[in-house]
Amino acid sequence: PHFMAIAWIYRRDYAAVSFPMLSVDDPEGGRVARWSLIHAILLVAVTLLPPFLGFASPAYLIIAALLGIWFLVRASRFLRTREREIAARRLFLFSIVYLPLLLTALVLDRWLA
């Protein structure tokens, strides 16, 4: 999702230098946004696994689920809106925060256990 958001934001720059990117060949951004949402779903699914594998507590699961829901909301807005530039930028910015928060929750969960 992070990379697809960047690709959409800078699609004109990629096109200007003839760099082959999905965002260059997708003028409406639907395919870029769909791939972004698919990867967000897969990422969130993987981040919910640690408690089921015995590596984290239910507290981590709650935090990961809340962060994951917010991430999926951002990715789905990128798909649904006509203002893709704004939605892509918001998805990109949240993706910068998402993983550090998630990993902090996992570390604190293990440290407090």
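The values are calculated or read from the model by the stated rules, or taken from the named source; none is laboratory data. Keep in mind that what you see is a predicted model, and the values were worked out from it rather than measured. Ideal geometry is used to build each Cβ from the backbone, glycine not excepted, and the neighbour counts take in all protein chains shown. Please note that ligands, DNA and RNA were not included when accessible areas were found on the heavy atoms of the full protein model with its side chains. Shrake-Rupley method; radii C 1.70, N 1.55, O 1.52, S 1.80 Å.
Just a few scattered comments:
- Being loosely packed, with under 15 Cβ neighbours inside 10 Å and of a type in the set (A, V, I, L, M, F, W, C) is not true of Leu61.
- Residue in segment 23-62 that is nearest to Ile86 (Cα to Cα), counting only those that are of a type in the set (A, V, I, L, M) and touching an Asp or Glu at 6+ places or on another chain (Cβ under 8 Å): Val32
- Residue count for segment 29-58, restricted to those that are outside any helix (DSSP H, G or I) and in contact with a helix residue (DSSP H, G or I) (Cβ under 9 Å, 6 or more places away or on another chain): 5
- Test: Ala7 is among the small types (Gly, Ala, Ser), open to solvent by less than 50 Å² (accessible area, probe 1.4 Å) and farther than 14 Å from Glu85 by Cα: no
- Restricting attention to segment 52-61, the residues that are of a type outside the set (Phe, Trp, Tyr) and free of Cβ contacts under 8 Å to residues at least 12 places away in the same chain add up to 3.
- Taking the listed residues Leu108, Leu48, Leu102, Leu91, the one that is closer than 15 Å to Phe3 by Cβ and modelled with pLDDT of 95 or more is Leu91, with no other qualifying.
- When segment 71-86 is limited to residues that are touching a Phe, Trp or Tyr at 6+ places or on another chain (Cβ under 7 Å) and modelled with pLDDT of 95 or more, the one that is most open to solvent (accessible area, probe 1.4 Å) turns out to be Arg74.
- Among residues of segment 87-110 being open to solvent by 80 Å² or more (accessible area, probe 1.4 Å), over 14 Å from Gly68 (Cα atoms) and touching a residue at least 12 places away in the same chain (Cβ under 8 Å), the one that is farthest from the chain's Cα centre (by Cα) is Arg110.
- Leading residue by the ranking (surrounded by the fewest Cβ atoms within 10 Å (Cβ to Cβ)) among those in segment 10-50 that are in contact (Cβ under 8 Å) with a residue 24 or more places away in the chain and of a type in the set (S, T, N, Q): Thr47
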